[in-house]
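Notes for the one structure printed next.
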Amino acid sequence: MDHSLSDFVSVKRGNRIAVISLARPPGGHLDAPLRAALLETCRSEAASDAVDGLVLTSEGQGLDIDLPYGERMGPPTAPTLAELCAGLSELPKPIVAALRGRVADAGCELALACSARVVQIDASICLPSLALGRLPTATSLYRLAARAGPAAGLQFLQSVADVPVASRALAPLFAERVQGNAVGVAADCARSFTGQAPAALADPLRFQEEISAARGRHPPETTAPEITAAIAGFEAALLLPEKAALAFITEQDKALAETPACRARSYLRTTKLAILRRPTGAPPESLTLVGSGPKPVRLAVLALRAELPVTLLETEPGGLARAEEDIRQTLTDMSRRGVIDEAQAREQMALLSRADGFEDLSGAPFVIEAGARSVDEIETLAQRIRDAMGPGGTLLLTSGMRTGAGRFRELLGEKTAGALFHPDRGLGECAEIAMRPDDLRRAAHRSTFVTALARLGLPALLQEARDGLASVRLLTALCVAGEEAVALGADPLSVDMALPFRLKPFAAQNAEGLRAQIFRLTTLFGQENSAPQLNAALLKAGIDGKTHPATDSARGQLSAPAEAALDDWREAVAAQTGITARTPAPDAETIRRIADDALFCAATALVRSTALTTPWEADYIAAATLGLNPAHGAPVFAACEAGLLHLKKRLQARLGPQGALRPAFFTPPDDLDMHIKEGRPYGRPGDVIIF
């Protein structure tokens, strides 16, 4: 559906105040035409003799907006967000932001650029610029510095989570925090506005003490450049005239924008926004969890934190009492750490209830199964839940889905999908959603699961249901890369240290048991007759990873039996493949390149097989589930940034004589030559591929 700009920017006048309202555009994108329309409207109203002041507000989530994905990754189009914010701050009449709901990203910057802010007490704000490796616009950073100061301002910019406006540290940002009509109070504020004293800058001694403390916590030699630049920007707000400080902050951000780490961070943040901002429908009003183990407990806490009522349905005697106590203890611990206050913990716990039996599932809008005690129970339990629910509600099945979603595909449908929930490994929690191919192609069916997960605040990583979800296949590729490096002479523990992932291949395999990788290679990839497997050699030596680990924790190195098994394995590899340990052993950069190449091939294979729709989705799954350091660059993005021709040459070398232990994991995609010839990178965030 086509829209005119008047659909998103509207003006109402009354009592000499112009109320400019911004509706949320499609995808939440504040694109150049909309920026131009908003700036022109504000300037026009400020120039009117019939207007004494302006109010900037939103319809619904109109200030939960950001730049289009392409502008986050490429040159901006005029008027830029920086020019828009500067224009708002320079209006000849006061403009007061009336804030409600979620105010995030570019919307938060617009609010900071206004003369003052009035906010409803239940609103939240978020401006995770530093997560992108960038500074906010100069106007926004200066206003944040002047009002909140370095300590609160830096903490706010480092947070990727929404911050309640009730936060005491951010109180100086707001002229008033109100229960009801923020627009009316903002209009009164604009009418009587005579200027706001820069609260933080009014106490320069304390301001400088906070700067010094920030530098003490973040010494430049060991700190990410964007944090160092933010601290310098705060100091410029104190020491320089406003115009000079704005110019200094702008130059700091331009320098950051040219760094590879910044581009890598911006890309990952943009992929997350593209996933979170998929179209959704009406959210579910409650969640029922079937099961009482650690997984339902974690999901229950997540839902309660989102103020979603939760009902627990027991599948084993005594399980509910344990689950309720674990949930209560988790919320209590959060209260002690200051994440929530005691009153919030009590209110959230009050949203938890018990179901008497499966008959209580009738009409349930949203159910997550996490209670099958064995693979044999999954089909029966899933059918029992769906029969009790009826056809209308959304059902997510978690048991057996990590490696068996294809096996249980017949259980899935337009309202039923498989799910694999992942903990926060640096990019926040997320969930892979496995759907039947036909359902994955239909926007309405995709929206069902995106909506349900969005209510929990989780990105929904949609994919075709198959044995071995995308994260499992990417983990397998990472472990293969680690094994390749060890075959070339690297020490397993050195491989773990070299890789820019929180999930370390050898530590992860020890934790899950060494048989898991063998299972994945043989069952998911058909590698049963391939080169000797390191894990098989360790198992033969009596080392299983769980009860008998491969490492000696006291010495911080491989155990003696593991060392012997490693030597035997390398001899077997040399005899069968001709691959021998090198002297010197691969360095950290070489180890990272091996992992990058394996993950690139695995990511593009997932798209080629139609399990995923776009390469950027594969990148996000790799980064979120493996815990990639965002500054390193996700696999497909990193390959495009470094040059696909360089990648092709490396892969050719790995597929040559004495190249790769498992060549199937280093086979380039069929379209690599086409991308090189046309100079075209793989898909950018927001690109959509329809099967």
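Looking at Thr604, Thr613, Thr590, which is the one that is buried (at least 17 other Cβ atoms within 10 Å of the Cβ), of a type in the set (S, T, N, Q), not in a loop (DSSP other than H, G, I, E, B) and not assigned by TED's automatic domain parsing to the domain that holds Pro437?
Thr604
Just to be sure before I move on: is Ile378 touching a Gly at 6+ places or on another chain (Cβ under 7 Å), buried (at least 17 other Cβ atoms within 10 Å of the Cβ) and either in contact (Cβ under 8 Å) with a residue 24 or more places away in the chain or not in a strand (DSSP E or B) (or both) in the structure I sent?
Numbers: touching a Gly at 6+ places or on another chain (Cβ under 7 Å): yes; buried (at least 17 other Cβ atoms within 10 Å of the Cβ): yes; either in contact (Cβ under 8 Å) with a residue 24 or more places away in the chain or not in a strand (DSSP E or B) (or both): yes.
So Ile378 passes the test.
So, in the range 616-658, how many residues would count as being over 16 Å from Phe501 (Cα atoms) and touching a Cys at 6+ places or on another chain (Cβ under 9 Å)?
2
Just to check your reading of the model, which residue among Arg147, Arg168 is charged (D, E, K, R), modelled with pLDDT of 90 or more and either under 25 Å from the mean Cα position of the chain (by Cα) or not assigned by TED's automatic domain parsing to the domain that holds His632 (or both)? Full working, then the answer.
Numbers: Arg168 fails: modelled with pLDDT of 90 or more.
Testing whether each residue is charged (D, E, K, R), modelled with pLDDT of 90 or more and either under 25 Å from the mean Cα position of the chain (by Cα) or not assigned by TED's automatic domain parsing to the domain that holds His632 (or both) leaves just Arg147.
One line per residue, one yes/no per condition, for (1) touching a Leu at 6+ places or on another chain (Cβ under 9 Å); (2) within 22 Å of Arg265 (Cβ to Cβ):
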| position | (1), (2) |
| --- | --- |
| Cys601 | yes, no |
| Ala605 | no, no |
| Ile621 | yes, yes |
| Ala624 | yes, yes |
| Leu644 | yes, yes |
| Leu647 | yes, yes |
| Ala653 | no, no |
| Arg662 | yes, no |
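Could you say which residue among Arg455, Arg386, Arg442 is free of Cβ contacts under 8 Å to residues at least 40 places away in the same chain, within 18 Å of Leu289 (Cβ to Cβ) and of a type in the set (Lys, Arg)?
Values: Arg455 fails: free of Cβ contacts under 8 Å to residues at least 40 places away in the same chain; Arg442 fails: within 18 Å of Leu289 (Cβ to Cβ).
Among Arg455, Arg386, Arg442, only Arg386 is free of Cβ contacts under 8 Å to residues at least 40 places away in the same chain, within 18 Å of Leu289 (Cβ to Cβ) and of a type in the set (Lys, Arg).
Would you pick out the residues in the range 641-678 that are farther than 30 Å from Ile518 by Cα and in contact with a His (Cβ under 9 Å, 6 or more places away or on another chain)?
The answer is Leu644, and nothing else.
Residues that are surrounded by 14 or more Cβ atoms within 10 Å (Cβ to Cβ) and under 15 Å from Leu299 (Cβ atoms): does the range 330-342 have at least one?
Among the residues of the range 330-342, at least one is surrounded by 14 or more Cβ atoms within 10 Å (Cβ to Cβ) and under 15 Å from Leu299 (Cβ atoms), which makes the answer yes.
For the range 532-580, what are the residues that are assigned to a loop (DSSP other than H, G, I, E, B) and farther than 21 Å from Ala516 by Cα?
Step one: filter the range 532-580 for residues assigned to a loop (DSSP other than H, G, I, E, B), giving 532-533, 541-550, 553-556, 559, 578-580.
Correct list: Ser553, Ala554, Arg555, Gly556, Gly578, Ile579, Thr580.
Tally up the residues in the range 177-212 that are under 32 Å from the mean Cα position of the chain (by Cα), exposed (fewer than 14 other Cβ atoms within 10 Å of the Cβ) and touching a residue at least 40 places away in the same chain (Cβ under 8 Å), please.
Count: 1.
Quick one: in the range 64-85, of everything that is over 20 Å from Leu144 (Cβ atoms) and modelled with pLDDT of 80 or more, which residue is surrounded by the fewest Cβ atoms within 10 Å (Cβ to Cβ)?
Keep residues of the range 64-85 that are over 20 Å from Leu144 (Cβ atoms), which gives 68-79.
Among the residues that remain, those that are also modelled with pLDDT of 80 or more are: 68, 71, 76-79.
Values: Pro68: 20, Glu71: 19, Pro76: 16, Thr77: 15, Ala78: 9, Pro79: 18.
Checked the range 64-85; the qualifying residue surrounded by the fewest Cβ atoms within 10 Å (Cβ to Cβ) is Ala78.
Within the range 655-662, can one find any residue that is modelled with pLDDT of 95 or more, among the hydrophobic types (A, V, I, L, M, F, W, C) and over 27 Å from Ile433 (Cβ atoms)?
No: zero hits.
Quick check on the range 308-351: of everything there that is outside any helix (DSSP H, G or I), modelled with pLDDT under 90 and touching a Leu at 6+ places or on another chain (Cβ under 8 Å), which residue is farthest from Gly371 (Cα to Cα)?
Within the range 308-351, the subset outside any helix (DSSP H, G or I) is 308-318, 337-341, 350-351.
Now restrict to residues that are modelled with pLDDT under 90: 314-318, 337-341.
Pick out the ones that are also touching a Leu at 6+ places or on another chain (Cβ under 8 Å) and you get 314-315, 340.
Values: Glu314: 8, Thr315: 6, Ile340: 29 Å.
Step by step, filter the range 308-351, then rank; the result is Ile340.
The values are calculated or read from the model by the stated rules, or taken from the named source; none is laboratory data. Bear in mind that the values here come from a model prediction, so they are computed numbers and not experimental data. Here the Cβ is made from the backbone with ideal geometry for all residues, glycine too, and neighbour counts use every protein chain on show.
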